[in-house]
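Peer 1: So that we are looking at the same thing, I have put the structure below in structure tokens.
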4 protein chains.
Amino acid sequence: MIIVVSPDATQDEVARIIARIEESGRKAHISEGQERTIIGVIGSDPPELEDMFGSLPHVESVHRVTHPYKMVSRQFNPTDTVIDIGKGVTVGGSELAVMAGPCSIENEGHIVDTARAVQQAGANVLRGGAYKPRSSPYAFRGLGEEGLRCLAQASKETGMPVITELMTVRDVDVVAKHADVIQIGARNMQNFNLLDEVGALKKPVMLKRAMSGQIEEWLLAAEYILSAGNPNVILCERGIRTFETAYRNTFDVNAIPLVKELSHLPVIADPSHGTGKWGLVAPVARAGIAAGADGLMIEVHPHPEAALSDGAQSLTYESFTKMMLSVAGIAAAVGRTLSGVKATAAAR
Amino acid sequence: MIIVVSPDATQDEVARIIARIEESGRKAHISEGQERTIIGVIGSDPPELEDMFGSLPHVESVHRVTHPYKMVSRQFNPTDTVIDIGKGVTVGGSELAVMAGPCSIENEGHIVDTARAVQQAGANVLRGGAYKPRSSPYAFRGLGEEGLRCLAQASKETGMPVITELMTVRDVDVVAKHADVIQIGARNMQNFNLLDEVGALKKPVMLKRAMSGQIEEWLLAAEYILSAGNPNVILCERGIRTFETAYRNTFDVNAIPLVKELSHLPVIADPSHGTGKWGLVAPVARAGIAAGADGLMIEVHPHPEAALSDGAQSLTYESFTKMMLSVAGIAAAVGRTLSGVKATAAAR
Amino acid sequence: MIIVVSPDATQDEVARIIARIEESGRKAHISEGQERTIIGVIGSDPPELEDMFGSLPHVESVHRVTHPYKMVSRQFNPTDTVIDIGKGVTVGGSELAVMAGPCSIENEGHIVDTARAVQQAGANVLRGGAYKPRSSPYAFRGLGEEGLRCLAQASKETGMPVITELMTVRDVDVVAKHADVIQIGARNMQNFNLLDEVGALKKPVMLKRAMSGQIEEWLLAAEYILSAGNPNVILCERGIRTFETAYRNTFDVNAIPLVKELSHLPVIADPSHGTGKWGLVAPVARAGIAAGADGLMIEVHPHPEAALSDGAQSLTYESFTKMMLSVAGIAAAVGRTLSGVKATAAAR
Amino acid sequence: MIIVVSPDATQDEVARIIARIEESGRKAHISEGQERTIIGVIGSDPPELEDMFGSLPHVESVHRVTHPYKMVSRQFNPTDTVIDIGKGVTVGGSELAVMAGPCSIENEGHIVDTARAVQQAGANVLRGGAYKPRSSPYAFRGLGEEGLRCLAQASKETGMPVITELMTVRDVDVVAKHADVIQIGARNMQNFNLLDEVGALKKPVMLKRAMSGQIEEWLLAAEYILSAGNPNVILCERGIRTFETAYRNTFDVNAIPLVKELSHLPVIADPSHGTGKWGLVAPVARAGIAAGADGLMIEVHPHPEAALSDGAQSLTYESFTKMMLSVAGIAAAVGRTLSGVKATAAAR
């Protein structure tokens, strides 16, 4: 950590800052510049330190020089983490993971039918929400445990692993029982108690980035899970909130290569939430894979205009199938595979 | 709800949109413009409707014409809500509520001493965190239940009501037992299960705005609590996340008068989080009251540079006392009172 | 335009709104909803109208139902515009335009050498700044007219068309004389007088999106140029300003397919400014092309660490060459060509 | 400047960084931390330096420790600057400056009438736009020179100094001839050529903050004007662009005290643009003064619903008069005066 001293500080005042650093058991390394004195603090730097030194009299600014996360960083683990989510699917290797299905599970027939359709088009993981975070208390909030049962049935019939959202610590057991991957939604990225509890499991967790989550905060949220004992974390970029009102969210494509550089964890792109408009889903899906994502999460519904949630951003079976063909072309161009998409189709 | 039809839609395609509206049990009112056909949808408009109609073929855009919230709106209740939080303090009347104290409770002596100091300066509610949301898993996360016990002791010694944060449904009972007001933090504004559970209590709840929470989302989050049965909700503006890096958050002063116009609920200004810099706290506190806030939430610490969290934004006893004098002047100018601040002092 | 009347308006007050609409020479089409009266305004809707009706007493909100731009819209011209920028290069057709070169022109040798290197790697347009917008008055602001002369020389030696930035109306003639494409930078997207003046030319203009420019504002800025008589406008997405501090800007990949849907104008992706970090340039360039961009603008410098500006986001000759190979693979996957990249190399 | 070296750098690689620093004529001061080597760079630090050292191999990050601006900073000039704008009005002293009038000048009668009304209510500077930046080329763009003539007439009849916007270098002479203060609008905050040209005058300049202008960029834009020779710069906070769509802009009240701390220049609050909604103007005006602003800029129109621009955010004569009374109370509370508001009225 580096402390920049105000230019108006006297020698005595600088000495008092140094005394505080030494009291804390660290060493101070002084550097007298032309305009300002700079003090390098040598020793451990827990998160508290920044605030503590930042509020000392005559300290102008404090600069952290190390990343605040450890276990999620590429320095801690230089090799890409590949996560086995079961039923023959891994996330983070050369094969892309494509998680597709409806926003909300509406009934057994609906989820089973959608599962078959997305599998046919090349998806290898089934998504479906049983517990739905909704801005309004008057909106449809999901089928709950009955939805999980329908999802399990669809998994059984197709052999696909399933991912579904967990919203509260009260549902950890029931969700962990039915899901192959537990999704932590954007609104819960910093629900630290929930992170603690999924960190106590071994089940893979997909952690979505918060609407206004900085990359560093997102990696620290993942660090909560890893440091609690669960190494099986998948990140998911799903768009951020900006000033632009032409789309629901702004898909942050920069995040994909930066997170791959900073961390060893796999990253999934979610262009459905990342755009909020079905017409933009396919081009942004291609962009995500071209930028290095390890897979996609896509909302698909047999009849988007009748969906109980997120209809405006859902693809039909037909548009999803078409999207998968174009994504397969991009996958090949960046040295990844999408085995579910028939080779002849992909070749067009 | 208003549906704008794409200019390329044929008569038949418009007819199909109308048929869908009527199938849903609503009436369609058609208006042929020069460039576009507009359809007014008459009937109930649950949140689903926007997405449902928005994904119909040839629908260009959908405009909601009513607010999605009801019980929190000023139309539902035209009179300002005044909430009795106990121990002789109300929030929302002509007397301002000033909630002051440390970010984290560090030990009993620390909180009792701070309580006395802030009371002396004119505060009427004691704040203090026992459960702390921290970006890093390695930061100090609060004393937990022991902290609540210290807080209760400080309340007993000073007679002040206390406010403290609840982070997870697992702690609802213990927090409700010790707190006079339960705080829901910014990161939990859309933790809908937590909102459901505090909605089932009668205890006053202070709901902070999320870092990227739109006014409408914030009011809908309050609606969760009211619609679950708890009418005692206080809102708290604590700064939003913007592109500006010169402060930790950007205090959104516009939100104060707008929320007072849209809703009957009281609103508290939190300039400590709203700026993140102690030097800006007093001027922004004055601004909040001048704009119509019903009170303040301020972080105060005997020795900010030794605080276990948020030192950089905490006031000392001395700077808090000075701030209170200046706030009392503003309060008088807008027809509010701050009885705790000695009249002679306020007159300077 | 649709006017939503406040629920508290009396019959008389609604009648007064209608009278104002009719006075303005438009027709009012009334629709009585369950909770609110809605008035469709039929007739021309210049930009003033929104504000004018929005400030009438008892008007709750005003919704525009048409786009405010005309000549740039796809409805006005359903076919993709292809712009001939001279020296055998077009922008907007199946061949991608790759504009590469240094941020600032430093001297003749520097720009000629860079031109040859980027041409060798497959670029078909040379970029280079002679007039540089710099946040600080103390930074290097470009060589000015001497820089334009060096650029012209590089164009002559390589046969490549050149693009360079115009910052002020005082330099219109000299920049138009030397440049094949005039660049309007992000900070000048809404410098309306400058737009008027380049609109009076026939020379192609590349219009960068402002740091906080909404898509609609960007298209309206292009409309200034088209409506002034110059149809040769190329759009350029160069990243927007968000809360994320891990990169200089956030490349908005959503903008690419949306602008292609709303407008017939070609769109270039600038991942150098869109990320501000050289390590992210190649993946984000691939993403831009995968999302449908008509080309790229890339900063390349022989020795980035010695560059007079933007060193941190510049590619070396070697990294640019490598990037072009990977972009060629993506181009092929989306049915575009990049003829400058040798087929054998692209095949790897 | 501080350079943080990547942990993977060898001794030789560190030596090469040091060699580069010394080659540039600066001294390197090395500090070996537990995890990283930190190098303090001692010597001048022009803006280029950050990029130059930031792109050296094995440099992880670069931290600037001095502010990049000089003449605008409070260290350069510790005393508040008070600017005499003529006709007996100063900006920056204990008397507040209230600049009021219509967004656009519509004709002579309109501006003269408004001038008298705002003067009567206590304003001491007349505002009015002759050249209007408008998002759409089809909107009313102002009366131009004829508008300036009308403004001059209103100034003559009331004795008030006038402020009006300058949009292009082509109009510098004509605007400087008629205006007492030249306004540079938000969209031109980084129109560096325009800043250079008003810097060559002595006429006071009011520089509005850009929609996404960071405080540092805003102060650097002011530095352009001061460093070009014109010390008479007034800053104006007019709201920033955020994710919130409930208002046109988000008034950044934090900016007021921070800019007063960092700089000696006076700051004006513009709650009309800062909110975009007339109902929020008065409370946000009070907030601005309570936070320490040196004055206000307010849009006033005799009939807002008939205004040619910005009707939705304009006050009527009556609401402006009422606002001034409430602002006078706040002014008194913070030790400022507003002499134009009758003492008896202010006391209510």
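Peer 1: Looking only at residues that are in a helix (DSSP H, G or I) and in contact with a Phe, Trp or Tyr (Cβ under 7 Å, 6 or more places away or on another chain) in region A:262-277, which one is surrounded by the fewest Cβ atoms within 10 Å (Cβ to Cβ)? Before you say what the answer is, go through the steps one by one.
Peer 2: Within region A:262-277, the subset in a helix (DSSP H, G or I) is A:262, A:271-275.
Filter again for in contact with a Phe, Trp or Tyr (Cβ under 7 Å, 6 or more places away or on another chain), leaving A:271, A:274-275.
Numbers: A:P271: 36, A:G274: 31, A:T275: 29.
Filtering region A:262-277 for residues that are in a helix (DSSP H, G or I) and in contact with a Phe, Trp or Tyr (Cβ under 7 Å, 6 or more places away or on another chain), the one surrounded by the fewest Cβ atoms within 10 Å (Cβ to Cβ) comes out as A:T275.
Peer 1: Give A:P57, A:P47 a once-over and let me know the one that is open to solvent by 60 Å² or more (accessible area, probe 1.4 Å) and within 10 Å of chain B (Cβ to nearest Cβ).
Peer 2: Working: A:P47 fails: open to solvent by 60 Å² or more (accessible area, probe 1.4 Å).
Residue meeting the stated conditions: A:P57.
Peer 1: Might you let me know whether region A:289-308 holds any residue that is within 12 Å of chain C (Cβ to nearest Cβ) and either aromatic (F, W, Y) or assigned to a helix (DSSP H, G or I) (or both)?
Peer 2: Of all residues in region A:289-308, those within 12 Å of chain C (Cβ to nearest Cβ) come to A:289-293.
Checking which are either aromatic (F, W, Y) or assigned to a helix (DSSP H, G or I) (or both) leaves us with A:289-290.
Within region A:289-308, one or more residues are within 12 Å of chain C (Cβ to nearest Cβ) and either aromatic (F, W, Y) or assigned to a helix (DSSP H, G or I) (or both).
Peer 1: For region C:267-280, name all the residues that are under 23 Å from A:V327 (Cα atoms) and more than 9 Å from chain A (Cβ to nearest Cβ).
Peer 2: Scanning region C:267-280 gives C:V267, C:I268, C:A269, C:D270.
Peer 1: Quick check: is even one residue across region A:21-35 within 14 Å of chain B (Cβ to nearest Cβ) and open to solvent by less than 30 Å² (accessible area, probe 1.4 Å)? Spell out how you get there, then give the answer.
Peer 2: First, the residues of region A:21-35 that are within 14 Å of chain B (Cβ to nearest Cβ): A:21, A:23-24.
Next cut, open to solvent by less than 30 Å² (accessible area, probe 1.4 Å) only: A:21.
Within region A:21-35, one or more residues are within 14 Å of chain B (Cβ to nearest Cβ) and open to solvent by less than 30 Å² (accessible area, probe 1.4 Å).
Peer 1: Considering D:V198, D:V98, which residue is open to solvent by less than 20 Å² (accessible area, probe 1.4 Å), out of contact with any Asp or Glu (no Cβ under 9 Å at 6 or more places or on another chain), within 14 Å of chain C (Cβ to nearest Cβ) and not in a loop (DSSP other than H, G, I, E, B)?
Peer 2: That would be D:V198, the only listed residue that is open to solvent by less than 20 Å² (accessible area, probe 1.4 Å), out of contact with any Asp or Glu (no Cβ under 9 Å at 6 or more places or on another chain), within 14 Å of chain C (Cβ to nearest Cβ) and not in a loop (DSSP other than H, G, I, E, B).
Peer 1: Of all the residues that make up region D:216-253, how many are out of contact with any strand residue (DSSP E or B) (no Cβ under 6 Å at 6 or more places or on another chain), under 24 Å from D:S73 (Cβ atoms), within 12 Å of another protein chain (Cβ to nearest Cβ) and not in a helix (DSSP H, G or I)?
Peer 2: 3
Peer 1: The conditions are (1) facing another protein chain (nearest Cβ under 7 Å); (2) out of contact with any helix residue (DSSP H, G or I) (no Cβ under 8 Å at 6 or more places or on another chain), and C:N193 fails exactly one of them. Which is it?
Peer 2: (2)
Peer 1: Which members of region B:223-246 meet the condition of being over 20 Å from B:A179 (Cα atoms), touching a residue at least 40 places away in the same chain (Cβ under 8 Å) and open to solvent by less than 30 Å² (accessible area, probe 1.4 Å)?
Peer 2: The answer is B:E223, B:E237, B:R238.
Peer 1: Given the residues A:L280, A:L325, A:L296, which is the only one that is surrounded by 24 or more Cβ atoms within 10 Å (Cβ to Cβ) and either free of Cβ contacts under 8 Å to residues at least 40 places away in the same chain or over 22 Å from A:G239 (Cα atoms) (or both)? Before the answer, list the steps.
Peer 2: Numbers: A:L325 fails: surrounded by 24 or more Cβ atoms within 10 Å (Cβ to Cβ); A:L296 fails: either free of Cβ contacts under 8 Å to residues at least 40 places away in the same chain or over 22 Å from A:G239 (Cα atoms) (or both).
Only one candidate passes the filter, namely A:L280.
Peer 1: For region C:111-167, what are the residues that are charged (D, E, K, R) and under 18 Å from C:E299 (Cβ atoms)?
Peer 2: Just the residues of region C:111-167 that are charged (D, E, K, R), to begin with: C:113, C:116, C:127, C:132, C:134, C:141, C:145-146, C:149, C:156-157, C:165.
Selection gives C:D113, C:R116, C:R127, C:K132, C:R134, C:R141, C:E165.
Peer 1: Which one is farthest from A:A290 (Cα to Cα), of the residues in region C:311-322 that are at pLDDT below 95 and open to solvent by less than 10 Å² (accessible area, probe 1.4 Å)? Outline the logic, then answer.
Peer 2: First, pick out the residues of region C:311-322 that are at pLDDT below 95: C:311-314.
With open to solvent by less than 10 Å² (accessible area, probe 1.4 Å) added as a condition, the list becomes C:311, C:313-314.
Details: C:G311: 25, C:Q313: 20, C:S314: 20 Å.
Among those residues, the one meeting the criterion is C:G311.
Peer 1: Looking at region A:135-181, which of its residues are of a type in the set (S, T, Y) and either open to solvent by 50 Å² or more (accessible area, probe 1.4 Å) or within 12 Å of chain B (Cβ to nearest Cβ) (or both)? Please lay out each step first, then the result.
Peer 2: Within region A:135-181, the first condition is being of a type in the set (S, T, Y), and the residues that meet it are A:135-136, A:138, A:155, A:158, A:164, A:168.
Correct list: A:S135, A:S136, A:Y138, A:T168.
Peer 1: If you check A:R187 against the conditions, is it open to solvent by 30 Å² or more (accessible area, probe 1.4 Å) and more than 22 Å from the chain's Cα centre (by Cα)? I'd like the intermediate steps shown before the answer.
Peer 2: On the way: open to solvent by 30 Å² or more (accessible area, probe 1.4 Å): yes; more than 22 Å from the chain's Cα centre (by Cα): no.
The answer is no for A:R187.
Peer 1: When region C:190-222 is examined, which residues are found to be more than 25 Å from D:F243 (Cα to Cα) and in contact (Cβ under 8 Å) with a residue 60 or more places away in the chain?
Peer 2: C:P204, C:M206
Peer 1: Restricting to region D:201-211, name every residue that is among the small types (G, A, S) and surrounded by fewer than 23 Cβ atoms within 10 Å (Cβ to Cβ).
Peer 2: Answer for region D:201-211, where residues must be among the small types (G, A, S) and surrounded by fewer than 23 Cβ atoms within 10 Å (Cβ to Cβ): there is none.
Peer 1: Mind listing whichever residues of region C:1-20 are open to solvent by less than 40 Å² (accessible area, probe 1.4 Å), over 39 Å from the mean Cα position of the chain (by Cα) and touching a residue at least 24 places away in the same chain (Cβ under 8 Å)?
Peer 2: Within region C:1-20, C:S6, C:A9, C:V14, C:I17 qualify.
Peer 1: How many of the residues making up region B:60-95 are away from chain A (no Cβ under 14 Å) and either open to solvent by less than 30 Å² (accessible area, probe 1.4 Å) or of a type in the set (A, V, I, L, M) (or both)?
Peer 2: Residues that pass the stated criteria total 10.
Peer 1: Here's another thing I want to ask about it. Among the residues of region D:119-129, is there at least one that is within 22 Å of D:A306 (Cβ to Cβ), under 19 Å from the mean Cα position of the chain (by Cα) and of a type in the set (K, R)?
Peer 2: Scanning region D:119-129, I find at least one residue that is within 22 Å of D:A306 (Cβ to Cβ), under 19 Å from the mean Cα position of the chain (by Cα) and of a type in the set (K, R), so the answer is yes.
Every residue, every condition in (1) within 21 Å of C:I163 (Cβ to Cβ); (2) in the same structural domain as C:T242 (by TED's automatic domain parsing); (3) of a type in the set (S, T, N, Q), yes or no:
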{"residue": "C:N254", "(1), (2), (3)": "no, yes, yes"}
{"residue": "C:L262", "(1), (2), (3)": "no, yes, no"}
{"residue": "C:I268", "(1), (2), (3)": "yes, yes, no"}
{"residue": "C:P271", "(1), (2), (3)": "yes, yes, no"}
{"residue": "C:G276", "(1), (2), (3)": "yes, yes, no"}
{"residue": "C:G279", "(1), (2), (3)": "no, yes, no"}
{"residue": "C:P283", "(1), (2), (3)": "no, yes, no"}
{"residue": "C:R286", "(1), (2), (3)": "no, yes, no"}
{"residue": "C:A291", "(1), (2), (3)": "no, yes, no"}
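Peer 1: For the condition of a type in the set (A, V, I, L, M), out of contact with any Asp or Glu (no Cβ under 9 Å at 6 or more places or on another chain) and touching a residue at least 60 places away in the same chain (Cβ under 8 Å), what is the one hit in A:I330, A:I289, A:I268?
Peer 2: Details: A:I330 fails: touching a residue at least 60 places away in the same chain (Cβ under 8 Å); A:I268 fails: out of contact with any Asp or Glu (no Cβ under 9 Å at 6 or more places or on another chain).
None of the other options fit; the residue is A:I289.
The values are calculated or read from the model by the stated rules, or taken from the named source; none is laboratory data. Small disclaimer: the values here were computed from a predicted structure and weren't measured. Note that each Cβ is placed from the backbone with ideal geometry, even for glycine, and that neighbours are counted across all protein chains shown. Note: areas computed on protein heavy atoms with side chains; ligands, DNA, RNA excluded. Shrake-Rupley method; radii C 1.70, N 1.55, O 1.52, S 1.80 Å.
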